[in-house]
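Enquirer: One structure follows; several queries about it will come next.
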Amino acid sequence: MKATQVVEQLKQRFPNEPEYIQAVSQVLGTIEEEYNKHPEFERANLIERLCIPDRVVEFRVTWVDDKGNVQTNMGYRIQHNNVIGPYKGGLRYHASVNLSILKFLAFEQTFKNSLTTLPMGGAKGGSDFSPRGKSNAEVMRFCQAFMNELYRHIGPDEDVPAGDIGVGGREVGYLFGQYKKLTHTFSGILTGKGQEFGGSLIRPEATGYGNVYFLCNMLKTKDIDIKGKTVLVSGAGNVAQYTVEKLIQLGAKPVTMSDSDGYIYDPDGIDREKLDYIMELKNVERGRIKEYAEKYGVKYVAGAKPWFEKADIALPSATQNEINEEAAKALIANGVFAVSEGANMPSTPEAIKVFQDAKILYAPGKAANAGGVAVSGLEMSQNSERLHWSREEVDSKLHDIMNDIHANCLKYGTESDGYVNYVKGANVAGFLKVAKAMMAQGIV
């Protein structure tokens, strides 16, 4: 297999899907050497079968707003690969959602889920509907309309969606209620549910906590303590909030957060009280991050990202391609020695090259942010057994899973000079499990 040839063929077949092509290209470039050690993979045309989703579901979502106007959005579910377990992956509600972004996310999810060692395949879905500025009643009606179609394609042993950008506990609750009404069943069909109806403790925190746990493993390889380190965090949603919470607990100093309008820089650090304010602002009031700057009298930069501030560590936790080559060079120049991705594919290929050329610690999202889907898998297990584990038990399992993912990255990513290529390590480890399962199950 020549990765460049496969990517060119996919470009011709899917010419208007740049994010999907980017994700495939990044993975294939790192697994090519390992893939070519297995001629049986090539005989089974495994790489093409692995790149193209099993199924793409696309549908119209029609709903009525508070003024009585009929609105129409697009809904999607990409069921990418289910050789190691039921399809599993989040739903994203955001105006930017399109087929390319969801195919890239589903492709990445397949390898991320493989890395967790839990029996979960890869999927992703969502809509170009944005909850921003909508009332609770409008969000509820949209979620119900969305589930009216989606329910035909999911099930606890078939496909188990979760939340993502724009889909939090509120949305998951509305989706679950409608699924239950349509199917007359109470099952673990969605993860990220409320504690009252089958949700797992630590699930809201899991992606952010898991990323910090992975970061600590990386720092340990260099005998660096996270305590006292200055950290740039992007985003102000679920992942960013709990990333900051865990950083505070461990004695680090987070100094930035952001949303789609801009970022705040607080040189004194975001402490527990300030984080509580952000959580109230974003989760309850649905406000904007600039209100933090107004309240605490700190710097706010509109229309920008926080990567040009001075720090030790960067934790991108917002969205894809938020760190470009220029930003990556600025991070290195300003003293950043570790980047761990809380978001999915937040660094462009050019940025990743800058990080790796500088030999800093760099962890891709499929490894570093796998904690979220890992605890979703643990929620599925609890639902299947009709059990509810303690906070300590779930957190312990999350720690173990992130440690195992880090160990696999070391196993497959350590280069001859001792530098750990976490991208290669994560991709090869995730790929091999999926590939072997595909070979064992035949041409299906």
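The values are calculated or read from the model by the stated rules, or taken from the named source; none is laboratory data. Nothing here was measured: the structure is a model prediction, and the numbers come from that model. Please note: Cβ atoms are built from the backbone with ideal geometry, for glycine as well, and neighbour counts cover all protein chains shown. Note: accessible area is taken over every heavy atom of the protein model, side chains too, but ligands, DNA and RNA are not part of it. Shrake-Rupley method; radii C 1.70, N 1.55, O 1.52, S 1.80 Å.
Enquirer: Under the condition of being closer than 20 Å to Lys253 by Cβ and in contact with a strand residue (DSSP E or B) (Cβ under 8 Å, 6 or more places away or on another chain), which residue from the range 195-223 is most open to solvent (accessible area, probe 1.4 Å)?
Expert: Only one residue tops the list, namely Lys222.
Enquirer: Let me ask something additional. For the range 275-317, what are the residues that are loosely packed, with under 15 Cβ neighbours inside 10 Å and β-branched (Val, Ile, Thr)?
Expert: Val284
Enquirer: Here is a check on your reading of the model: is Ser187 open to solvent by less than 50 Å² (accessible area, probe 1.4 Å), hydroxyl-bearing (Ser, Thr, Tyr) and under 24 Å from Val284 (Cα atoms)?
Expert: no
Enquirer: Sticking with this structure for a sec: I'd like to check something: does the range 409-417 contain any residue that is open to solvent by less than 10 Å² (accessible area, probe 1.4 Å), closer than 30 Å to Ala328 by Cα, among the aliphatic types (A, V, I, L, M) and part of a helix (DSSP H, G or I)?
Expert: No - not one qualifying residue is present in the range 409-417.
Enquirer: Moving to a separate point now. Residues in the range 252-267 that are touching a Gly at 6+ places or on another chain (Cβ under 6 Å) and either under 14 Å from Val212 (Cβ atoms) or open to solvent by 30 Å² or more (accessible area, probe 1.4 Å) (or both): how many?
Expert: 1
Every residue, every condition in (1) within 19 Å of the chain's Cα centre (by Cα); (2) modelled with pLDDT under 95; (3) closer than 27 Å to Asn238 by Cα, yes or no:
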{"residue": "Leu361", "(1), (2), (3)": "no, no, yes"}
{"residue": "Asn369", "(1), (2), (3)": "yes, no, yes"}
{"residue": "Gly372", "(1), (2), (3)": "yes, yes, yes"}
{"residue": "Lys424", "(1), (2), (3)": "yes, no, no"}
{"residue": "Leu432", "(1), (2), (3)": "no, no, no"}
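Enquirer: Now for a separate question. Quick check on my filter: what residues within the range 47-71 are closer than 19 Å to Gly89 by Cα and hydrophobic (A, V, I, L, M, F, W, C)?
Expert: Residues satisfying the conditions are Leu50, Cys51, Ile52, Val56, Val57, Phe59.
Residue by residue, here is whether (1) polar (S, T, N, Q); (2) free of Cβ contacts under 8 Å to residues at least 24 places away in the same chain holds:
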position: Asn283; (1), (2): yes, no
position: Ile289; (1), (2): no, no
position: Glu294; (1), (2): no, yes
position: Gly297; (1), (2): no, yes
position: Ala314; (1), (2): no, no
position: Thr319; (1), (2): yes, no
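Enquirer: Is it true that some residue in the range 383-398 is among the aliphatic types (A, V, I, L, M), assigned to a helix (DSSP H, G or I) and in contact with a Lys or Arg (Cβ under 7 Å, 6 or more places away or on another chain)?
Expert: Within the range 383-398, not a single residue is among the aliphatic types (A, V, I, L, M), assigned to a helix (DSSP H, G or I) and in contact with a Lys or Arg (Cβ under 7 Å, 6 or more places away or on another chain).
Enquirer: Kindly state which strands (runs of 3 or more DSSP E) lie completely within the range 62-177 and contain at least 3 residues that are touching a Phe, Trp or Tyr at 6+ places or on another chain (Cβ under 9 Å), more than 22 Å from Asn238 (Cα to Cα) and open to solvent by less than 10 Å² (accessible area, probe 1.4 Å).
Expert: Fully inside the range 62-177 and qualifying: 70-81.
Enquirer: May I pose another question? Is it the case, given these coordinates, that Val24 is closer than 24 Å to Val444 by Cα, of a type in the set (A, V, I, L, M) and either open to solvent by 20 Å² or more (accessible area, probe 1.4 Å) or at pLDDT 95 or above (or both)?
Expert: Here the answer is yes, as Val24 does meet what is asked.
Enquirer: Something else: For the range 11-26, state whether one or more residues are over 28 Å from Ser96 (Cα atoms) and not in a helix (DSSP H, G or I).
Expert: Among the residues of the range 11-26, not one is over 28 Å from Ser96 (Cα atoms) and not in a helix (DSSP H, G or I), which makes the answer no.
Enquirer: Filter the range 178-198 for residues that are in contact (Cβ under 8 Å) with a residue 24 or more places away in the chain and farther than 20 Å from Leu378 by Cα and give the result.
Expert: Gln178, Tyr179, Leu182, Thr183
Enquirer: Here's another thing I want to ask about it. Restricting to the range 295-339, what's the tally of residues that are among the charged types (D, E, K, R) and more than 18 Å from Asp261 (Cβ to Cβ)?
Expert: Qualifying residue count for the region: 5.
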